[in-house]
Amino acid sequence: MTFLKKIKDTLSFMSSFDSEELECVAKSDPEGSKAFLSHSYLQDLLPYRLYDPKTGIFENEDSFGFAFIIPPLAGVSETKEEELEQLITSLYYEGGACQFLLFADPFIGPLLDHWGDLLPGSPKIVYRTIERRKNFFRSEVINDNPVLKVPPRNFSVLVSYSVPKNSETISERFQRKLLSHKRNTFNILTRITQNERLVQEMTPPLLIHYVSNLVGMDLNIHCDAQKYSDKMLINQQIQTGGGVEVSPTGCVFRSQANMLFKMFQVTDLPSNWSIFDNPQLIGDPVDDSYRLQTPFFVHYGISYASQSKIKSSLMSKELLIKNQLRSMSFLNKNPKMLEESAEYNYALRKYEEGEKFVTTRLNVGIWGAQERFQDSYSALVALYRKNGLKLKETTFLHFDDFLRSLPMSWGSYVVNHALKKSRCTRTSMTGHSANLCPIFADFCGFSSRGTPLISRKGQLTFFDPFSNSTKSHTSVIGPTGAGKSCFLNEMIFNFRANKRRVFVIDKGGSFRNLCSLLGGQYISFEPGDSFDLNPFSFLDQKGLSNDKSAKDNGNPFADMMETLKAIIRTMYEPDGNINPKEKTTLDRAVEIAWKTRGTAARIDDVVEAIEKEVNYTTDINNAKREDLIERLKLFCSDGCYGKWLYGQKKIKFQSDLVIIETNNLDALGDLKPVILQTYFLMISREIYTGDRTQMKGFVIDECHNLIKSPQWAYAIQLGTREYRKFNAAMILATQGLKDFSTKEAREAFTNSEWVITMGSGTEALSTIKKDNLLPLDAYEEEILSSLRKEKRFSEVAIRSESSQHTTVYRFRMDPFSLQLFSTNPTDYERFRVMREKGFDIEHVIDWMIPLKDKFRCLDEAKIHPKDQIEQLLSETSLAMLQKLKGGTGV
């Protein structure tokens, strides 16, 4: 029975009953009618039958096969092309087939569930905030008119191989060969992905999951779970949804939201197509209008044909053309004949060199709700036309073509025969086949936790600096208004959601709402405060290693001593312009004071050491010494800055979230950099003496104000060198790459594993080129220059130094988080008023969101934020007012 006849007979059988006959059957035999109606005839069309758990080989209806699942690759390289060529060549068996299926599905629910699967004991507000975000992403998927035209989705690549079932392939000898092919495929895919854990062997539960998603497509973020039973055939366990309605112009997948479906095949390729053009198969990297807005897949099948037949055919054609080309008149009328002759000659030469002839087919399937299907249809046609690929709709054969695109389907003799009869395949060589393998998409491999992001082509991913276990430091670059503070808020929130400790040096109150919501410790400086910030007191050796030979674990005490010396040098010269002689003098005096008094030492002891221990032979040098002493006396116990260093208010870090607000330090003049570096010393001590199993993040926002100082840049440089050994990451946020121009700051930048660029990337690109900060290829330059910020999302370019690859993502927040992380001055003032009234932040935001239009009108009327709050509170119900005051927020 042919494949088409099988479909025809099944559909004919189902349509042979009219409604009255079905009603009679139902009354006379209720159990039989129930079995008839519950039977899925679509399952009968699927080839999957049995599975051998010992070998991992599937026995299908008329074929044997295996498959693997890998995440799509983010970067194209010649090495990956060579590995793909080796894979395709090594699997040769006449009648066998290799298939690549890149599936862009909307089922992001499992990703979100895993992201929201927090550690026990996380604050309840964290669970509620994450649940809001999950519901928000779900609405983005199912909404007919989402903000992001390309909604969140998940890309996966299914690589399968199958051979027809015959007297040779059922033999034990061939089964061993098939197992060898399977091991070889795994090894090659491991090299391609560069991570063995990313190569997942296809098992019956996974096959049921993926094929159910394909044949039961629905516009939802969750798919029905189905347990596998080895007591039933595999095809009988595949979920087929509500059925498929087939017509000459396409299909309708019946589900909660009926999905239109069409298949297309590529009939011609540009002559200069290479593997580096491959990512264009799923969307343009820059232009939104050339991206598919609905679920789709790209399938590429490679069938290993009879070598002798194709060789004989090519030789006959080449001989015919040579004879025809003897006539000049014929050549003048058919100038392309020379090209054809050269192609045939080239193919035969490659065959003699060891390459194999294959027949290939590239096709695309798209689904979509009626409201959005036409947009995807138009984008697909335009995208392929733009890249020189001719696309043709498979009229009358949409459903047949769909079934032939499923994993391990091409190894069937029936399918192979149908493909030959349809004449829809192209003859190619194994060396060229890799160019069209659809395995490239946006990077999705950061982590299952972290900051949720959506790539330009729709891949939902989660950015976590700690996803690289060897280096996790991060540099975030973005001008004012690019969304940098919101992005950092989101990073901090996800750190705390996963029970990581976070320290933040802030300027401008960007993190105050988040700190209040999560019950963190907020430290700010107010006029009249008297702090105990003596830097010597934080050098307590308890819990610190002073083993200079302990290279692997670092020498934290030595690093902290260097930071202490840098603080004293800053007291003398805040701008860091200090000569080697002065540096040596100060460093020696600090060592003497420490040796004499330990943690009880003060700047007074440093001055005393200089007066007693340091002498010069010339009046000029003595004058310098006196100047040095006079500067340091400002920081002594009776100096003008003494109350800030030896006061009554002892600061201790009492929370796993510590926000240090520095906005009021601007009025303190030369004391400001000293206090900031002292806090750096305190945080470093917490990192060095804390639990190494707990990840820690140290965020410095607006660090461009700090790294201008060589002393500060030096301290940061030490941190980026040593923190990773203590499971800590430093996150530096600045407004431009120019801020990393000094030697020390540049080293801190180059120690970053992640470089995140936000807003317009034109300036960043110019600085990178001018100062040679990063090696960028043409593709990275193009996407950096295309970065943009829109009202409801920001684009971020994330570059991994390890992979040296850059991908652009869209940072999209739900209304609650958008309000929570806002740094808008008007929003900030509203929150300040509500905090003074003692209202709970979470309930305040829930109250504000429905009133956004009213707030906008009041803004346009130039009404002060405080008066806005008073007016709207007067219109608020008593129950809501009680709720605003009653929530704990944590």
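Brief remarks follow.
- Distant-in-sequence amide contacts of T267, defined by a placed amide H-H separation under 5 Å and a gap of 5 or more residues or a different chain, comprise K390, L391, K392.
- Relative contact order for the chain, counting Cα pairs under 8 Å that sit 6 or more residues apart, in percent: 14
- Note on segment 49-196: the alpha carbon radius of gyration divided by the globular reference 2.2 N^0.38 Å gives 1.41.
- Added length on full extension, which subtracts the Cα-Cα distance from 0.36 nm per residue, R631 to L320: 102.4 nm
- Ranked by how many other beta carbons lie within 10 Å on average, peptides 598-607, 144-153 from highest: 598-607, 144-153
- Seen through its C-alpha gyration tensor, with square-root eigenvalues sorted a ≥ b ≥ c, segment 241-312 comes out oblate because a/c lies at 1.5 or above while a/b is not bigger than b/c.
- Net charge of Cβ neighbours under 11 Å - reference K507; Lys, Arg +1; Asp, Glu -1: -4
- Answer label, with Cα Rg over 2.2 N^0.38 Å calculated from the coordinates and candidates (i) 1.30; (ii) 1.16; (iii) 1.85: (ii)
- Three-way shape call for segment 159-225 based on the alpha-carbon gyration tensor, with the a/c threshold at 1.5: oblate
- Per-residue Karplus couplings for segment 476-484, computed as 6.51 cos²θ - 1.76 cosθ + 1.60 with θ equal to phi - 60°, are listed in order as 10, 10, x, x, 4, x, 7, x, 5 Hz, Gly and Pro entered as x.
- Using the Karplus relation 6.51 cos²θ - 1.76 cosθ + 1.60 with θ = phi - 60°, the per-residue 3J(HN,Hα) values for segment 125-133 come to 5, 5, 4, 5, 5, 5, 5, 4, 5 Hz, with x marking Gly and Pro.
- Order by protection proxy (mean Cβ within 10 Å, highest first), peptides 402-414, 564-576, 223-235: 402-414, 564-576, 223-235
- Taken about its Cα centre, segment 40-436 carries a charge dipole of roughly 420 debye when the Cβ of each Lys and Arg holds +1 and the Cβ of each Asp and Glu holds -1.
- For segment 360-495, relative contact order (Cα pairs under 8 Å, six or more residues apart, normalised by length) works out to 15 percent.
- Summarising the amide proton neighbourhood of G697: residues at separation of 5 or more, or on other chains, whose placed amide H is nearer than 5 Å comprise R501, V502, F503, A729.
- Relative intensity, log₁₀ I(q)/I(0), of segment 40-436 from a Debye sum that treats every alpha carbon as a point, q = 0.09, 0.10 Å⁻¹: -0.58, -0.71
- Counted over the chain, the DSSP beta bridges are approximately 75% antiparallel.
- For segment 254-263, putting each phi into the Karplus relation 6.51 cos²θ - 1.76 cosθ + 1.60 with θ = phi - 60° gives couplings of 6, 7, 4, 10, 4, 10, 6, 8, 9, 10 Hz, in residue order, rounded to whole numbers and with x for Gly and Pro.
- Value of [θ]222 nm, deg cm²/dmol, for the chain, DSSP H segments ≥ 4, -39500 (n - 2.57) each, nearest 500: -13000 deg cm²/dmol
- Mean Cβ count within 10 Å, highest first, over the residues of peptides 726-736, 179-189: 726-736, 179-189
- Remark on I651: its backbone amide H falls under 5 Å from those of D532, a criterion applied only to residues 5 or more positions apart or on other chains, H modelled at 1.01 Å from N.
A short reminder: the numbers here are calculations on the coordinates, not readings from a lab. What you see is a predicted model, and the numbers here were worked out from it, not measured in a lab. Glycine gets a Cβ as well: all are built from the backbone with ideal geometry, and neighbour counts include every protein chain shown.
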